[in-house]
Amino acid sequence: MKQLLVFIRKEFFHVFRDKRTLLIMFGLPVVQIVLFGFALTSEVKNITLTVIDQARDVNSTQVINKIKSSSYFIVDESAVNYDAVTTAFKKGTAKCALIFPAGFGNDLQHAGQAQVQILTDGSDPNMAKTVVNYLTAILTAYQQEISPGTQLPYRIIPEQRMLYNEEGNGSLNFIPGVMALVLMLVCTALTSVAVVREKELGTMEILLVSPFKPLLVLLAKAVPYLVLSLANFTLILLLAVFVLHVDVKGSVLLLFLVSTLFIIACLSIGLMISNATNSQQTALLLSMMGMMIPTLIFTGFMFPLENMPWIFQWISYVVPSRWYFLIIKAVMLKGLGFSYIWKEMVVLLGMTVVALSVALKNFKIRLS
């Protein structure tokens, strides 16, 4: 029994001396609880609603004020025509739009019914359906206010349309997110053990006497994984098209170009992890768990980023899969070109340069 207690004491000392183990043991659960408590909710709120009021009468103004008083929408009345709304949807600055036709109040007062048009971004069908339900509920409540009786002499009839996804196919939002998640995890995990494996196998001395420059060594380790990752992306794309019946509306060549950039960014992050760790287990744990949780939470394909506190929204800006997810949705689902996604590509390129620079610096230190 005494020997058992001594052994247990020794194991406690090992745990307390290993800062990484303590961080994973205590830090990760705390981060998960905070993120799941504040960031994850099925309720949609703070959604930018573009409003075009062609009627500009008392009734349309009352409806707009009622929408403004809710916590679900941030009303933007800067758009003046349908083309401006379409541009806002393409740029991603608007998720939904509400259009009042001319004569809205006159139709409501004299004909007993009036129409409004609701436009939503169908590339995220769950959010689109929720937004339509919220707007419909607000319009119904307004009808009850102006005609409190059981019979409604005035009727507002919403005309619904989902842009980019008329059928409301949930796979259209699911596939880009899965592509970002799979490539992020696989590519990072593959290269996260590339350098640390050399140390564990005792072959680091060979690299010390190698005539290769450190940058070439890192590139030589990353190129095979780049090829395999592109093959993996091709397989995912084929499954999406032929099995899940997702139409690629944009350029396939542009998709491969963007995916290649994202894969290189993920490989660079993996190399950075590999040069900062001393064991393959630690590298794999950091690459899998450290990349999976941010990708699931901060990408936007599972949970709306608008629901999160501002600090978490800022954190999402440093997650590469967030930008890749936006690009894939824009190209694959909306059919947009390079002019709409070049900013996101610049961000990915910057992340790649930073990660590769840090990996190279740490690799030189490891070789010295």
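The values are calculated or read from the model by the stated rules, or taken from the named source; none is laboratory data. Just so it is clear, the structure is predicted and the values come from calculations on it, not from any experiment. Positions of Cβ are backbone-derived with ideal geometry, glycine not excepted, and every protein chain shown enters the neighbour counts. Quick note on the areas: whole protein, heavy atoms, side chains included, nothing else; ligands and nucleic acids left out. Shrake-Rupley method; radii C 1.70, N 1.55, O 1.52, S 1.80 Å.
General remarks:
- Size descriptor, Kirkwood hydrodynamic radius, that averages inverse alpha-carbon separations across region 214-292, Å: 14.3 Å
- Sorted on the mean count of surrounding Cβ atoms within 10 Å across their residues, most packed first, peptides 124-131, 84-91 read 124-131, 84-91.
- Two-site label geometry, residue 310 and residue 354: point separation in nm, points 7 Å out along Cα→Cβ: 2.0 nm
- Hull shadow area, averaged, region 43-107 [alpha-carbon convex hull, nm²]: 4.5 nm²
- Low-density loop cleavage sites - chymotrypsin sites (Phe, Trp or Tyr not before Pro) in region 47-87, where at most 12 other Cβ are within 10 Å (DSSP): none
- Taking each of 45/249; 221/334; 91/361 in turn, the alpha-carbon distance tops 31 angstrom for 221/334; 91/361.
- Percent carbon-and-sulfur accessible area, region 225-320, ignoring ligands, DNA and RNA, probe 1.4 Å: 77 percent
- Cα coordinate range in region 306-368, projected on the principal axes (Å, largest first): 50, 31, 14
- Amide H partners (placed H, <5 Å) of residue 47, local residues excluded: 73, 74
- Cα-derived Rg to Rh of region 78-120, Kirkwood definition: 1.10
- For region 40-134, the dipole from Cβ point charges (+1 on Lys and Arg, -1 on Asp and Glu) about the Cα centre works out to 180 debye, to the nearest 20.
- With q set to 0.17 Å⁻¹, the log10 of I(q)/I(0) for region 262-368, from the Debye formula over equal scatterers at the Cα positions, is -0.88.
- Protection proxy ranking for 334-346, 299-311, using the average of other Cβ atoms within 10 Å per residue and placing the highest first: 299-311, 334-346.
- Protection-proxy order for peptides 243-256, 56-69, 276-289, each taking the mean of Cβ atoms within 10 Å per residue, highest first: 276-289, 56-69, 243-256
- Intensity falloff of region 74-151 expressed as log10 I(q)/I(0), Debye formula with alpha-carbon point scatterers, at q = 0.12, 0.19 Å⁻¹: -0.42, -0.93
- For residue 156, distant residues with modelled amide H under 5 Å away: 114
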